[in-house]
Amino acid sequence: MWGGRTAGDVPEVATWVRAVNTVASAAGLGRPRAGHGSLVPLERAARRRTGIDLPVEDGFRAGMARLLRSYMAVPELTPVGRMAVRDDITRRLTNWLRVHDGPAPGPAPADPVFVVGLPRSGTTLLHRLLAAAPGMRCLPFWELLTPDPRLATARRIRTARMTVTLMNVMAPAAQAVHPLHAREAEECVFLTPHTPFHHTRARIPGYHRWYVTQHDKREDYRHLALHLRRLNGRHRWVLKSPFHLWALDDLLAVFPGATLVWIHRRPSAAIASWCRWMEVTLSLHNRAVDRHQIGADWLGMWREAMTAALRARARSEAPGRFIDVSYQALAADPRATARQVLALLGQGPLPLDLGRSVTRRGGPARPPERYGLTGPAIDRLFADYVSTFADRLDAEDAPR
């Protein structure tokens, strides 16, 4: 309950955020201004924050500049949205400076674990469970935002807590759909420079075409690996993101010893739930949101991701590096499923006290029709995936 309302009544965006955007737009603050598409002010801000004056590598700088220009060209982006994307890019530049400054990093991760699968298929739940096991090392949200071990831990945690609080106050539905906690494991997209994750703030189809057809995704994973080398201890990394599906070939090229834990959920259920999350995040950053556009955009993009992932898996010379998990089995008994996966990974048992790790909160259900989709049509579009993993997709999850 929030303020006496059920979760289904929680607005995507707080009324005061809408008011701020309305007033700022009326004052002309929401319109693109000279210099807003330039990376130079953000680079200066990153150098002021860090006191580091290294030249940013050309490829990284060009990619961030492309991302910024793509965002700034979106007419629906609100003043709050513009501030959010500029702050995110500044943070990425800041972390680039920090990770390239200082002593030589440690050895490359030998056998990391990546949890993958369609979004809203239990990847967060299983990720947090695996991360709780002895010998496993995850990236909590506070460390993802500020991945520099030279800075005070308390300060980094405080920054993450403020970010979580602000997100929950601005978008009341966020905590119901995707609970975010400063100290719990989160997605490594915060350290991977380029992924379709950036589309969760605004429609930037030109950027996506560049990412799919021109961008060297191995550079993203080399950048992630460098951060892990700075942070790693004697534990085994466990990371996760559905966005890895677009680039499994590149991930495995950079992390040749990786194991992929792939959770399987019927696409019709996963995509409809993802569209609900996109309605929340896009409403926070844009003046207006077209729900049918959300459905069309993300149905196409996740279909594209699954096609790439299935091809990468077929090409893999080490099929044993894939561990398949049923979403229905995970939802029915998270601890038992995690224990089975840990046994296959050769890791120790789960601790008795898991705290919030087993919390499952998907937020209020929304039918796919809300986004211009139907369950059977979604599953037909993913027919190759559905047929390949039919034994992992419970009939109870099928659309009627």
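Give just the number: which of (1) under 22 Å from Ile323 (Cβ atoms); (2) buried (at least 23 other Cβ atoms within 10 Å of the Cβ) does Trp96 not satisfy?
Status for Trp96: all satisfied but (1).
Test Leu224 against the stated conditions and say whether it is in contact with a Lys or Arg (Cβ under 9 Å, 6 or more places away or on another chain) and either surrounded by 19 or more Cβ atoms within 10 Å (Cβ to Cβ) or modelled with pLDDT of 95 or more (or both).
In short, no.
Since Tyr327 meets every condition but one in (1) crowded, with 19+ Cβ neighbours inside 10 Å; (2) within 25 Å of Lys217 (Cα to Cα); (3) among the hydroxyl-bearing types (Ser, Thr, Tyr), which condition does it not meet?
Only one criterion in (1) crowded, with 19+ Cβ neighbours inside 10 Å; (2) within 25 Å of Lys217 (Cα to Cα); (3) among the hydroxyl-bearing types (Ser, Thr, Tyr) is unmet by Tyr327, namely (2).
Does Arg61 count as part of a helix (DSSP H, G or I) and either modelled with pLDDT of 95 or more or within 17 Å of Leu144 (Cα to Cα) (or both)?
Here the answer is yes, as Arg61 does meet what is asked.
Which of the following residues is farther than 30 Å from Cys275 by Cβ and not hydrophobic (A, V, I, L, M, F, W, C): Arg156, Arg161?
Arg156
Could you tell me which of the residues Arg400, Arg380, Arg366, Arg360 is basic (Lys, Arg), at pLDDT 65 or above and loosely packed, with under 14 Cβ neighbours inside 10 Å?
Just a single option satisfies the conditions, and that option is Arg380.
Can you confirm whether Ile271 is touching a helix residue (DSSP H, G or I) at 6+ places or on another chain (Cβ under 7 Å), within 26 Å of Pro172 (Cα to Cα) and at pLDDT 95 or above?
Answer is yes for this residue.
Of the residues Asp87, Asp148, Asp111, which single one is over 30 Å from Phe382 (Cα atoms), among the acidic types (Asp, Glu) and surrounded by 15 or more Cβ atoms within 10 Å (Cβ to Cβ)?
Result of the check over Asp87, Asp148, Asp111: Asp148.
Residue-wise test of (1) at pLDDT 95 or above; (2) assigned to a helix (DSSP H, G or I); (3) in contact with a strand residue (DSSP E or B) (Cβ under 7 Å, 6 or more places away or on another chain).
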| residue | (1), (2), (3) |
| --- | --- |
| Val169 | no, yes, no |
| Ala176 | no, yes, no |
| Leu180 | no, no, no |
| His198 | yes, yes, no |
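Yes/no matrix, rows are residues, columns are (1) farther than 24 Å from Pro256 by Cβ; (2) acidic (Asp, Glu); (3) at pLDDT 95 or above:
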{"residue": "Ala154", "(1), (2), (3)": "yes, no, yes"}
{"residue": "Leu166", "(1), (2), (3)": "yes, no, no"}
{"residue": "Pro172", "(1), (2), (3)": "yes, no, no"}
{"residue": "Leu191", "(1), (2), (3)": "no, no, yes"}
{"residue": "Asp220", "(1), (2), (3)": "no, yes, yes"}
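Looking at (1) within 21 Å of the chain's Cα centre (by Cα); (2) modelled with pLDDT under 90; (3) not in a loop (DSSP other than H, G, I, E, B), which one does Glu12 not meet, given that it meets all the others?
(3)
What tally of residues in segment 212-235 results from selecting those that are without any contact (Cβ under 8 Å) to a residue 40 or more places away in the chain and under 11 Å from Leu251 (Cα atoms)?
6
Considering only residues that are of a type in the set (Ser, Thr, Tyr) and farther than 26 Å from Arg86 by Cα, look in segment 258-304 and name the one that is surrounded by the most Cβ atoms within 10 Å (Cβ to Cβ).
Ser268
The values are calculated or read from the model by the stated rules, or taken from the named source; none is laboratory data. None of the values given here were measured: they were computed from a predicted structure. Cβ atoms come from the backbone with ideal geometry, glycine included; neighbour counts cover every protein chain shown.
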